[in-house]
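Colleague: One structure is given below, represented as structure tokens, and several questions about it will come after.
The values are calculated or read from the model by the stated rules, or taken from the named source; none is laboratory data. The structure presented is a predicted model; accordingly, all values stated were derived computationally and were not measured. Cβ: placed from backbone, ideal geometry, glycine included. Neighbour counts: every protein chain shown.
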Amino acid sequence: MNLSMVSALADAYRSNSQRARVITEAWGEQNLYCPNCASENILRLRNNTKAFDFQCPACEFEYQLKGQKSRIGDHINDGAFAAMMEAIRRDATPNFFFMQYELADWSVKNLLLVPSFAFPESAIIKRKPLSPTARRAGWVGCNIALNRIPLDARIPVVSDGLVIPASEVRAKYRRVKPLKEVKAKERGWTLDVLAAVRRLGKTQFTTSESYSFVRELEELHPDNRHVRDKIRQQLQVLRDRGFLIQVERGVWSVK
């Protein structure tokens with residue numbers, strides 16, 4: 001993977017956002033690979049293809065690349081709130097590559113992969129509507145809260161200018177892929193509970209300790225009045241998908 005981008009490709013463009021899109025997508029076409037299969041490249045789709053920038057020619061998994069010059073923090077600006085929520089509910093979210101680039105020399109500093117099945121609705125934060133004087137008055141965008149996505153599913157591809165081996169990236173992708181087997185309607189709960197127990201920072205924990213997230217999960221899922229029961233259910237789902245080991249009744253080990 002070559003971390004240098006070709007800035008000359010955008011000489012004909014004046015808009016900074018257009019320049020960044022042309023440069024980063026051209027880099028992606030030459031350097032990105034499919035983490036889901038052995039394909040060493042993914043194909044750039046024609047301009048204005050809704051929601052997707054790239055597609056794997058082998059497994060047909062679809063990807064979106066979002067680049068920014070600022071560091072990748074807890075929140076990433078995204079598009080329309082309603083469209084993203086609908087994509088999650090229909091299980092039609094793309095796999096995302098989140099890129100941070102160095103503007104001075106147009107090089108890739110950080111690149112983070114988040115699989116399509118790793119976005120709970122709780123990670124999509126609604127922004128205020130655009131003002132009546134804006135060109136798209138009333139339009140409602142969203143931010144992606146990366147800190148609400150389980151750490152397992154935030155997969156580094158490039159970290160502080162260091163390229164992570166493709167074999168390691170693919171292994172981590174396969175590790176979390178069982179989440180895709182959970183029905184989209186239930187997956188949000190699974191992801192929220194997984195993110196919560198990871199935040200405990202323990203290799204082994206009890207069901208009682210997981211109840212420390214009851215209030216938080218009540219806020220994320222206000223329609224559910226049996227949150228403790230749901231937590232216990234989701235711990236079993238995570239066990240069945242290979243994320244946890246049940247050591248004994250009420251005791252869990254993190255894999």
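Colleague: Which ranges mark the strands (runs of 3 or more DSSP E) fully within the range 75-128 that have 1 or more residues being among the acidic types (Asp, Glu)?
Modeller: Filter on the range 75-128 gives 75-80, 95-102.
Colleague: Select from the range 176-185 the residues that are in contact (Cβ under 8 Å) with a residue 40 or more places away in the chain and either of a type outside the set (A, V, I, L, M) or in contact with a Pro (Cβ under 7 Å, 6 or more places away or on another chain) (or both) and list them in ascending order.
Modeller: VAL176, LYS177, PRO178, LYS180, GLU181, LYS185
Colleague: Can you find a residue in the range 196-206 that is surrounded by 16 or more Cβ atoms within 10 Å (Cβ to Cβ), closer than 19 Å to LEU113 by Cα and either of a type in the set (Val, Ile, Thr) or at pLDDT below 95 (or both)?
Modeller: Looking for residues that are surrounded by 16 or more Cβ atoms within 10 Å (Cβ to Cβ), closer than 19 Å to LEU113 by Cα and either of a type in the set (Val, Ile, Thr) or at pLDDT below 95 (or both), one finds none in the range 196-206, hence no.
Colleague: Follow-up question, since we're still on this one. Please list, ordered by first then second residue, the pairs with beta carbon atoms under 6 Å, 6 or more apart or interchain, first in the range 113-140 and at pLDDT 95 or above, second among the aromatic types (Phe, Trp, Tyr).
Modeller: LEU113/PHE97; VAL114/PHE96; LYS126/PHE81; VAL140/PHE81
Colleague: Within the range 218-231, can one find any residue that is of a type in the set (A, V, I, L, M), more than 20 Å from the chain's Cα centre (by Cα) and buried (at least 16 other Cβ atoms within 10 Å of the Cβ)?
Modeller: For the range 218-231, residues of a type in the set (A, V, I, L, M), more than 20 Å from the chain's Cα centre (by Cα) and buried (at least 16 other Cβ atoms within 10 Å of the Cβ): present.
Colleague: Let me ask you something else. Which of the following residues is in a loop (DSSP other than H, G, I, E, B), of a type outside the set (Lys, Arg) and in the same structural domain as GLU62 (by TED's automatic domain parsing): PRO132, PRO156?
Modeller: Only one candidate qualifies: PRO132.
Colleague: Given (1) more than 16 Å from VAL108 (Cβ to Cβ); (2) modelled with pLDDT under 95, where does GLU25 come up short, assuming only one miss?
Modeller: (1)
Colleague: Of the residues that make up the range 199-211, is at least one within 19 Å of ILE76 (Cβ to Cβ) and either not in a helix (DSSP H, G or I) or not β-branched (Val, Ile, Thr) (or both)?
Modeller: So far as the range 199-211 goes, no, none of its residues is within 19 Å of ILE76 (Cβ to Cβ) and either not in a helix (DSSP H, G or I) or not β-branched (Val, Ile, Thr) (or both).
Colleague: If I filter the range 44-103 down to residues being surrounded by 13 or more Cβ atoms within 10 Å (Cβ to Cβ), of a type in the set (D, E, K, R) and closer than 12 Å to SER116 by Cα, which single residue comes out as farthest from the chain's Cα centre (by Cα)?
Modeller: ARG89
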